[in-house]
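Student: This is the structure I have questions about; it appears just below.
None of the figures in this text is laboratory data; all of them are computed from the coordinates on show. A quick note: this is a predicted structure, and the numbers were derived from the prediction, not measured. Cβ coordinates were reconstructed from backbone atoms using ideal geometry, including for glycine residues, and neighbour counts include every protein chain displayed.
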Amino acid sequence: MSKKHNFSAGPCILPQEVFEKSAAAILDFNGIGLSLLEISHRSKDFVPVMDEARAIVKRLMKLGDDYEVLYLGGGASLQFVMVPFNLMKLENGKAAYLDTGTWAAGAIKEGKKMGTVDIVGSSKEKNYSFIPKNYSVGSEYDYFHCTSNNTIYGTQMKEFPKVDTLMVCDMSSDIFSRVIDFSQFDLIYAGAQKNMGPAGTTLVVVKKEILGKTGRDIPSYLDYSLQIAKESMFNTPPVFPVYASLLTLQHLENNGGIEAAEKRNIDKAALLYAEIDRNPLFETFCEKEDRSLMNVSFKLLDDSKKEEFDTAWKEAGINGLNGHRSLGGYRASTYNALPIESVQVLVDVMKNLN
Ligand code: PLP
């Protein structure tokens with residue numbers, strides 16, 4: 001089977017080794033004569049998977065014991081709910097949010113159900129084509145929420161503000177893709193289905209000391225403190241997504257960690273943006289300084305070439321290049337596992353369009 005050049009925005013490409021090892025574990029997990037899918041999550045064979053999946057995140061992020069790592073269900077969307085439940089005070093709760101795209105707006109919508117939400121910066125009026133920068137967040141807020149990478153619009157926060165409150169970040173679409181001082185955040189979450197693994201689990205990294213201070217009676221599943229106490233096994237965890245995430249993170253660790261991934265991602269994005277800037281037929285949706293290293297969203301300026309372009313990239317073996325339905329155009333997602341050779345194939349197709 002020859003594999004496609006997979007630019008899908010998520011679920012998306014993962015290292016081939018992850019697919020192979022996952023497939024083997026489904027057939028016979030660690031040679032125990034049972035599938036990973038048919039053993040108890042509390043068995044002596046699975047518990048070390050969960051333990052190591054939690055430990056490797058702290059190693060890769062260079063975080064200490066003041067942080068806890070959770071693997072939960074419900075997608076990043078459930079974190080839109082869990083964050084305010086766990087961090088917004090019951091009385092006069094108030095949080096600051098940065099509105100940088102559809103997913104940020106989704107988080108804002110849920111936050112508003114729990115208390116006051118102030119939008120301290122928004123690029124909505126300009127179709128989310130930039131990252132707002134001039135705002136401040138004071139200590140009157142219970143927390144500040146931002147989205148590090150806007151998967152649909154192709155914008156990315158290059159720097160994070162210094163705020164006088166807790167710092168929460170949705171890193172779903174650029175987690176483990178670039179070197180960041182992760183210790184500047186009090187809570188990080190990310191749906192696994194981009195740089196981390198398959199859909200079905202969500203990573204939460206949280207500083208323990210921030211929990212238990214809202215006065216809210218939190219439903220059990222939604223309570224980070226309870227999930228921490230149960231080591232992500234309050235209920236049956238998504239065993240396969242956790243195992244495949246562990247394999248993906250091991251692959252990252254064995255290939256130079258986040259530092260090396262960042263270098264590869266910079267090279268890939270540079271190659272693609274150079275062609276977009278050179279070629280008068282293409283343009284990004286966003287401002288140059290805010291361009292994402294992970295999701296390159298762009299448009300074709302001459303509609304009469306659309307059919308030719310669509311045929312050409314499909315014939316070149318490219319998958320998943322259509323833009324999000326809300327924005328249109330094209331989106332090349334260049335996640336960690338995408339090789340630069342695939343980007344070159346796309347660039348060649350763009351070059352050949354006259
Ligand atoms: N946040 C961001 C930045 C995303 O890109 C997505 C999905 O693509 C989500 C949140 C929602 O994730 P989920 O589908 O896991 O709920």
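Student: So if I place +1 on the C-beta of Lys and Arg and -1 on the C-beta of Asp and Glu, and nothing else carries charge, what would the dipole magnitude of the stretch 1-63 be about its Cα centre? I want it in debye, nearest 20.
Tutor: Roughly 360 debye for the stretch 1-63.
Student: Report, in deg cm²/dmol and to the nearest 500, the calculated mean residue ellipticity at 222 nm for the chain, where each DSSP H run with n ≥ 4 adds -39500 (n - 2.57) and the sum is divided by the residue count.
Tutor: Value at 222 nm, helices only, nearest 500: -10500 deg cm²/dmol.
Student: Using +1 at the Cβ of each Lys and Arg and -1 at the Cβ of each Asp and Glu in the stretch 250-348, identify which of 344, 274, 300 lies farthest towards the dipole's positive end.
Tutor: Ranked along the dipole, the leading option is 300.
Student: Also: For the stretch 256-269, in order, what is each residue's ³J(HN,Hα) by Karplus, 6.51 cos²θ - 1.76 cosθ + 1.60 with θ = phi - 60°, in whole Hz (x at glycine and Pro)?
Tutor: So the J values, rounded to whole Hz, are x, x, 5, 4, 5, 4, 4, 4, 5, 5, 5, 4, 5, 5.
Student: Report the GluC sites (Glu not before Pro) located in the stretch 91-164 that are in a DSSP loop and have at most 12 other Cβ atoms inside 10 Å of their Cβ, or state none.
Tutor: Within the stretch 91-164, the qualifying GluC sites (Glu not before Pro) (loop, at most 12 other Cβ atoms within 10 Å) are 91, 140, 159.
Student: Same structure, new question: Would you calculate the separation in nanometres between label points at residue 39 and residue 116, each defined as 7 Å from the Cα along the Cα-to-beta-carbon direction?
Tutor: Each label point lies 7 Å from its Cα, and together they span 5.3 nm.
Student: Next question, about the same structure. Can you list the HN-Hα couplings for the stretch 119-130, worked out from phi with the Karplus curve (6.51, -1.76, 1.60; θ = phi - 60°), rounded to whole Hz and with x for Gly and Pro?
Tutor: 8, 7, x, 8, 10, 4, 4, 10, 6, 6, 8, 8
Student: Oh, and also: Compute a Gaussian network model of the chain, connecting alpha carbons closer than 10 Å, and tell me which residue from 73, 64, 323 fluctuates the most.
Tutor: The residue that fluctuates most here is 64.
Student: In units of 2.2 N^0.38 Å, what is the alpha-carbon radius of gyration of the stretch 257-351?
Tutor: In units of the globular-protein estimate, the stretch 257-351 measures up at 1.04.
Student: With +1 on each Lys and Arg Cβ and -1 on each Asp and Glu Cβ, and nothing else charged, work out how big the dipole of the chain is about its Cα centre, in Debye to the nearest 20.
Tutor: 260 debye
Student: Arranged by the count of other C-beta atoms within 10 angstrom, fewest first, what order do 46, 285, 19 take?
Tutor: Ordered from fewest to most neighbouring Cβ atoms within 10 Å, 46, 285, 19 come out as 19, 46, 285.
Student: About the Cα centre of the stretch 257-351, what is the dipole size in debye to 20, counting +1 per Lys and Arg Cβ and -1 per Asp and Glu Cβ, all else neutral?
Tutor: In debye, rounded to 20, the stretch 257-351 gives about 160.
Student: Indicate, rounded to the nearest 5 percent, the antiparallel portion of the DSSP beta bridges found entirely in the chain.
Tutor: Approximately 55 percent, going by the DSSP bridge assignments.
Student: Which order results if 69, 179, 204 are arranged by neighbouring Cβ count within 10 Å, fewest first?
Tutor: Least to most surrounded, the residues fall as 179, 69, 204.
Student: Sticking with this one: Please report the relative contact order for the stretch 196-354, taking Cα pairs under 8 Å with a sequence separation of at least 6, and give it as a percent rounded to a whole number.
Tutor: Worked out over the stretch 196-354, it gives 21 percent.
Student: Find which of 76, 19, 160 sits farthest along the positive direction of the dipole of the stretch 16-254, computed with +1 on the beta-carbon of Lys and Arg, -1 on that of Asp and Glu, about the Cα centre.
Tutor: 160
Student: Return the subset of 62/133; 4/288; 89/207; 314/351 for which the Cα-Cα distance in this structure is over 20 Å, preserving the input order.
Tutor: Result: 62/133; 4/288 exceed 20 Å.
Student: Continuing with the same structure: Could you run the Karplus curve 6.51 cos²θ - 1.76 cosθ + 1.60 with θ = phi - 60° over the stretch 43-54 and give me ³J(HN,Hα) per residue in whole Hz, x for Gly and Pro?
Tutor: So the Karplus estimates, Gly and Pro as x, are 6, 5, 8, 8, 3, x, 5, 5, 4, 6, 4, 6 Hz.
Student: For residue 216, which sequence-distant residues (separation of 5 or more, or a different chain) have an amide H within less than 5 Å of its own amide H, given hydrogens modelled in the peptide plane?
Tutor: Excluding prolines and chain starts, which carry no amide H, the hits are 90.
Student: How high is the relative contact order of the chain, given as a whole-number percent (alpha carbon pairs under 8 Å, six or more residues apart)?
Tutor: 23 percent.
Student: Still on this structure, please answer the following. Can you give the translational diffusion coefficient of the chain in µm²/s, computed by Stokes-Einstein from the Kirkwood radius over Cα pairs at 4 °C and 1.567 mPa s?
Tutor: Estimated via Stokes-Einstein, D reaches 61 µm²/s.
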